[in-house]
Structures are given as structure tokens and as C-alpha cells.
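Let me give you the structure first, and then I'll get to my questions.
The values are calculated or read from the model by the stated rules, or taken from the named source; none is laboratory data. Just so you know, these numbers come straight off a predicted model, no measurement behind them. So basically every Cβ, Gly included, is an ideal-geometry build from the backbone, and we count neighbours across all protein chains shown. What goes into the accessible areas is simple: the full protein's heavy atoms, side chains included, and nothing from ligands, DNA or RNA. Shrake-Rupley method; radii C 1.70, N 1.55, O 1.52, S 1.80 Å.
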Amino acid sequence: MSLEVSTLPIDREHAFATGPVTREVDARLGWFLRWLGAAVSRLLDRYRSHVCWRAFARNVTAGDGLALGTRAWCENGGSPADIRLGKNVVCRGVLRREAFGSGAIDLGDDVYIGDDCIISCANRVTIGPGTLVAHGVQIFDNDTHSLDAEARRRHWNAIREGGHVSDVEVPGAPIEIGAGAWIGFGSIILKGVTLGDECIVAAGSVVTSNVAPRTLVAGNPAREVRAIG
């Protein structure tokens, strides 16, 4: 017997927070509301597109053919040269070159970064050409915080006040993902690992050690399932 957990958000719209209900809309208003909704949606998409393209323009060095999802984003605690995108990259996720460390993100040609992905880099993250990173993948070459409690408090206080501490020691190690790999949705890639060319990481896996080329891995921690090809 399995326990199914609800994923509905609990907020002011929830029934227990006295959220509203709706009745059938007057048919005479239907056409206008549909037109208004479509117009607002198009306007919001254009605004989001404008904002994210400005963020990438000032934070990355990109080859020709870059395509961005309207919810893509880029934060760069260094210079634009620290985030390099090859030709024909499609990015729908979030790229972060952290202010601590001296990180560099390098995406090869034809790389796809899906929705809700996060790449956090304080050391180095390299992704080879033709690799597909499905939605919800998180790639962290660092632990995000210091192992020292006092340093963590300083770091958190700085973040809470809208700044960053660049001199905090945060453990990290480079991540290298080869060409033609496929990282399944919801997977987590942790610091210091190398994923070989054309490997496949099954959905929801947590990768903590190296993956050989043309190998399928799955699980938490990810283990080899079989060779490919």
C-alpha cells in the first residue's frame, strides 16, 4: 500500500484559508475575457523575455543561435567570460556563477538546459556538446555553505541583508559532463564528478561518483545499471 501525498499549494487560495470559489462567467463576457487573457499573457511573455535577455547579455559570452526560455535566468558573481555558452545552446533554466570561489561555466554547442534546472558553480562546470539536461536537474559543484558554523552564520546574514560574502570557504570540486549525455529530469549532480560521453542518468538519480561513458546509471546514490551500445 502506498501513501499518496498531495502536492497542492497551501496558501491564501486554499480552502482552509477561505479561498474564493467561482461561478460560470456570463456568456456575453466570455469573448472579452478570453481576448484580455490572451493579450495579457502575450505581454507578460514579452516582458519576461526582455528581462531575461538583458540578464544574459550582461552576464555571459555566447555563440550564435542562443535561445532562452522566458523564465531562464543568469547570475554572475564574476565577469561575462566566466560563463561561456557555445553555439545553438537552448537554456530554460538558471545559471549561477557564485560570488564565492572563482567559478566558470562552459556549455558546449547544442546543449539543452531544461525548465527549473539550476547550475550553481563556484569551481568549474563543463558540459560537452549535444548534452541534454532535462527539467528539474540540479548541478552543484559546491556545498553552497561553509562546513564551519560561524562562517555559515556570516554567510547567511550577508545573504539575508541582500549581499554576499566572497571570502567564505565553501567546499567544491569541478564537474565535467561529456558530449552527448542525457541527464534525466529531477536528477542531482554533486561536486567533483565526471560523467562520460553519451552516458544516461535516469530520472531522479543522485550522482555522487564518476559515471563511465555510454553507461546508464540510476538511484540514490546512482549506480550502474548497464552499458549502452
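I'd like the distance separating the alpha-carbon centroids of the range 157-229 and the range 114-147, in whole Å.
Answer, in whole Å: 7.
Related question: With springs connecting C-alpha atoms under 10 Å apart, model the chain as a Gaussian network and identify which of 71, 54, 153 has the largest mean-square fluctuation.
Of 71, 54, 153, the most mobile in the Gaussian network model is 153.
Right, here's the next one. In the set [x] 18.1; [y] 13.1; [z] 11.4, which value of mean projected area of the Cα convex hull in nm² was calculated from the structure you see?
[x]
With +1 on each Lys and Arg Cβ and -1 on each Asp and Glu Cβ, and nothing else charged, work out how big the dipole of the range 84-211 is about its Cα centre, in Debye to the nearest 20. All intermediate terms of the calculation are to be shown ahead of the outcome.
Details: 11 positive and 16 negative charges, 54 e Å.
Dipole magnitude for the range 84-211 comes out near 260 debye.
What size of dipole, in debye to the nearest 20, comes out for the range 124-182 about its Cα centre when the only charges are +1 on Lys and Arg C-beta atoms and -1 on Asp and Glu C-beta atoms?
The calculated dipole for the range 124-182 is roughly 160 debye.
Relative contact order of the range 93-229, please, whole-number percent, based on alpha carbon pairs below 8 angstrom and at least 6 residues apart.
Details: 405 pairs, mean separation 25.9, N = 137.
It rounds to 19 percent for the range 93-229.
Still on this structure: Quick one: among 132, 95, 66, which has the greatest mean-square fluctuation in a GNM of the chain with alpha-carbon springs under 10 angstrom?
Of the options given, 66 has the highest mean-square fluctuation.
I need the peptides 214-224, 82-92, 117-127 ranked by packing, meaning the mean over residues of other C-beta atoms within 10 angstrom, with the highest value on top.
Descending packing order for the listed peptides: 117-127, 82-92, 214-224.
If you don't mind, another one. With both partners inside the chain, how many of the DSSP beta bridges are antiparallel, as a percent to the nearest 5?
On the way: 5 of 46 bridges.
Rounded to the nearest five, the antiparallel share is 10 percent.
Another question, if that's okay. For the Cα atoms of the chain, what angle does the longest principal axis make with the long axis of helix 149-160, in degrees from 0 to 90, nearest 10?
40
Can you tell which of 47, 67, 138 lies farthest toward the positive end of the dipole of the chain, using +1 and -1 charges on the Cβ of basic and acidic side chains (Lys, Arg; Asp, Glu)?
47
Same structure again: Could you list which residues have their amide H under 5 Å from that of residue 215, counting only those 5 or more apart in sequence or on another chain, with H placed in the peptide plane?
Those qualifying (amide H under 5 Å, at least 5 residues apart or on another chain) are 199, 200, 228.
Still on this structure, I have one more. Mean residue ellipticity at 222 nm from the helices of the chain, using -39,500 (n - 2.57) per DSSP H segment of n ≥ 4 over the full residue count, to the nearest 500 deg cm²/dmol?
Numbers: 2 runs with 45 residues, N = 229.
Roughly -7000 deg cm²/dmol at 222 nm, from the helical runs in the chain.
Taking the solvent-accessible surface of protein heavy atoms with a 1.4 Å probe, what is the per residue accessible area of the chain in Å²? Provide the component values of the computation, followed by the final result.
Details: 13910 Å² over 229 residues.
Result: 61 Å² per residue.
Could you list which residues have their amide H under 5 Å from that of residue 208, counting only those 5 or more apart in sequence or on another chain, with H placed in the peptide plane?
For residue 208, the qualifying residues are 222.
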